[in-house]
Amino acid sequence: MITFQTEQIELPDIDQTKVREWIKKVAASYGKRVGEIAYFFCNDEKILAVNREYLQHDYYTDIITFDYCQGNRLSGDLFISLDTVRSNAELLGNDYYTELHRVIIHGVLHLCGINDKGPGEREKMEAAEDKALSIL
């Protein structure tokens, strides 16, 4: 089950049914099944608080993914700052909803085992995001 919730912000205008099916297709392309995935859309202050409390990081970010996967079943809590998504879209010259969908799938790709912090990993993540966005 994939749920969409908000924390101190209005729910973005996305086609939840379409996004759920898209996430399942992307997961299946990595040999994974969707378990319990909860999206929490929030503002910058909330994601900063989560980042500080759980990761001991003192900075804003667009997404924080908590991975509860077991075997090939994807499960996790994904916090997305809509403030940062909007800022990044403007900074990169991207459409807000394209950037939002990129961030939504970014968390799923982390749950699938794709990382973006080590050498060469960022490029792999971006290629996986682009591939996933092409089937939305």
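No lab work stands behind these numbers, since they all come straight from the coordinates. The shown structure was predicted, so the numbers you read here are calculated from the model rather than taken from an experiment. Cβ coordinates were reconstructed from backbone atoms using ideal geometry, including for glycine residues, and neighbour counts include every protein chain displayed.
Among the residues making up segment 22-46, a single one is touching a Cys at 6+ places or on another chain (Cβ under 6 Å) and among the hydroxyl-bearing types (Ser, Thr, Tyr): 30.
Does residue 124 satisfy the condition of being of a type outside the set (S, T, N, Q), out of contact with any helix residue (DSSP H, G or I) (no Cβ under 6 Å at 6 or more places or on another chain) and exposed (fewer than 14 other Cβ atoms within 10 Å of the Cβ)?
Values: of a type outside the set (S, T, N, Q): yes; out of contact with any helix residue (DSSP H, G or I) (no Cβ under 6 Å at 6 or more places or on another chain): yes; exposed (fewer than 14 other Cβ atoms within 10 Å of the Cβ): no.
For residue 124, the condition - of a type outside the set (S, T, N, Q), out of contact with any helix residue (DSSP H, G or I) (no Cβ under 6 Å at 6 or more places or on another chain) and exposed (fewer than 14 other Cβ atoms within 10 Å of the Cβ) - is not met.
Among residues of segment 1-24 being surrounded by 12 or more Cβ atoms within 10 Å (Cβ to Cβ) and basic (Lys, Arg), the one that is nearest to residue 82 (Cα to Cα) is 20.
Residues checked against (1) under 23 Å from residue 15 (Cβ atoms); (2) surrounded by fewer than 16 Cβ atoms within 10 Å (Cβ to Cβ):
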{"residue": "70", "(1), (2)": "no, yes"}
{"residue": "73", "(1), (2)": "no, yes"}
{"residue": "84", "(1), (2)": "yes, no"}
{"residue": "88", "(1), (2)": "yes, no"}
{"residue": "98", "(1), (2)": "yes, yes"}
{"residue": "104", "(1), (2)": "yes, no"}
{"residue": "110", "(1), (2)": "yes, no"}
{"residue": "115", "(1), (2)": "no, yes"}
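Among the conditions (1) surrounded by fewer than 19 Cβ atoms within 10 Å (Cβ to Cβ); (2) within 14 Å of the chain's Cα centre (by Cα); (3) over 26 Å from residue 9 (Cα atoms); (4) touching a residue at least 40 places away in the same chain (Cβ under 8 Å), residue 132 misses just one, which is (1). The one condition from (1) touching a residue at least 40 places away in the same chain (Cβ under 8 Å); (2) under 21 Å from residue 27 (Cβ atoms) that residue 102 does not meet is (1).
Scan segment 45-62 for residues that are charged (D, E, K, R) and either more than 11 Å from residue 80 (Cβ to Cβ) or free of Cβ contacts under 8 Å to residues at least 12 places away in the same chain (or both) and jot them down.
Here is the first cut: in segment 45-62, the residues charged (D, E, K, R) are 45-46, 52-53, 58, 62.
Hits for segment 45-62 are 45, 52, 53, 58.
Could you please find all residues in segment 58-70 being farther than 17 Å from residue 114 by Cβ and of a type outside the set (Ser, Thr, Tyr)? 58, 70, listed by residue number.
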